[in-house]
Amino acid sequence: MGQVLGGTALALVVACSPVFNWRQVEIQESGLSALLPCKPDHAKKQLLWGASPSSQALEVLMAGCEVQGQLFALSSIKVPLYLSAPNVQAEWMQVVQAQYQQQGNTLMPAATPLWPTAKLPTNAEWMTSKTNPTDPNTPPQPAMQGIWFHSGAQVFHAVWIANPSTKEDGAVSETFFTGLELKN
């Protein structure tokens, strides 16, 4: 019981820290909102999807910010009728995993939800960086936790990335992920 209260107190201290100015933010017209610890930038980007030469441009809506060496980002893709949201979710995860590995980092699916109290669809899939801090031959790599899920014709991605020099703080990523909310 003391550990639960201590953990809750720690999360409240982090959540109330002047460095982290938490606010509710929604990705433009997507129905996904989240708690972000800083004022986010919003962007739209065209992403080529599929194999060449038949690739199509899909619009990605994004919101994110960075504070104390930690990136907090949300993304949403509205899936066209000719594509399947579950397939887009799976392909998006594979692309991010491959990009992460090209940078010399390891990204693995999480066997269990990282933050099971997050109020998200049951199709949510988590990935996390895998490091071996006891291996002196392993260079430091960014800590990363990410989630992908879909609802209707929308696929969503939320990610927290901390620079290698940033001390990991589970209360910060927990506040971010448990603050995700999908409004229908």
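At a glance:
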{"read-out": "Given (1) surrounded by fewer than 20 Cβ atoms within 10 Å (Cβ to Cβ); (2) assigned to a strand (DSSP E or B); (3) in contact (Cβ under 8 Å) with a residue 60 or more places away in the chain, index of the condition Leu74 fails", "value": "(1)"}
{"read-out": "Residue selected from the stretch 111-129 under the condition among the small types (Gly, Ala, Ser) and assigned to a loop (DSSP other than H, G, I, E, B), by the criterion farthest from Gly179 (Cα to Cα)", "value": "Ala111"}
{"read-out": "Tabulated pairs, the stretch 88-110, first under 12 Å from Val155 (Cβ atoms), second part of a loop (DSSP other than H, G, I, E, B), C-beta under 8 angstrom, 6+ apart or interchain", "value": "Val88/Val79; Gln89/Asn123"}
{"read-out": "Matching entry among Gln94, Gln101 (being within 20 Å of Asn163 (Cβ to Cβ), out of contact with any helix residue (DSSP H, G or I) (no Cβ under 7 Å at 6 or more places or on another chain) and surrounded by fewer than 15 Cβ atoms within 10 Å (Cβ to Cβ))", "value": "Gln101"}
{"read-out": "Residue match in the stretch 124-136 (condition: at pLDDT 80 or above and touching a helix residue (DSSP H, G or I) at 6+ places or on another chain (Cβ under 7 Å))", "value": "yes"}
{"read-out": "Conditions (1) farther than 22 Å from Ala143 by Cα; (2) modelled with pLDDT of 90 or more; (3) in contact with a strand residue (DSSP E or B) (Cβ under 8 Å, 6 or more places away or on another chain); (4) not aromatic (Phe, Trp, Tyr): number failed by Ser84", "value": "(3)"}
{"read-out": "Pick from the stretch 40-70, criterion touching a Ser or Thr at 6+ places or on another chain (Cβ under 9 Å) and of a type in the set (A, V, I, L, M, F, W, C), ranking: nearest to Val19 (Cα to Cα)", "value": "Ala63"}
{"read-out": "Residue in the stretch 27-39 that is outside any loop (DSSP other than H, G, I, E, B), among the charged types (D, E, K, R), surrounded by fewer than 17 Cβ atoms within 10 Å (Cβ to Cβ) and in contact (Cβ under 8 Å) with a residue 12 or more places away in the chain present", "value": "no"}
{"read-out": "Leading residue by the ranking (modelled with the lowest pLDDT) among those in the stretch 1-49 that are farther than 16 Å from Thr175 by Cα and charged (D, E, K, R)", "value": "Glu29"}
{"read-out": "Evaluation of Met108 against (1) more than 28 Å from Gly170 (Cα to Cα); (2) part of a strand (DSSP E or B) (one fails), failing number", "value": "(1)"}
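The values are calculated or read from the model by the stated rules, or taken from the named source; none is laboratory data. What you see is a predicted model, and the numbers here were worked out from it, not measured in a lab. Methodologically, a virtual Cβ is constructed for each residue, glycine included, from the backbone with ideal geometry; neighbour enumeration extends over all protein chains shown.
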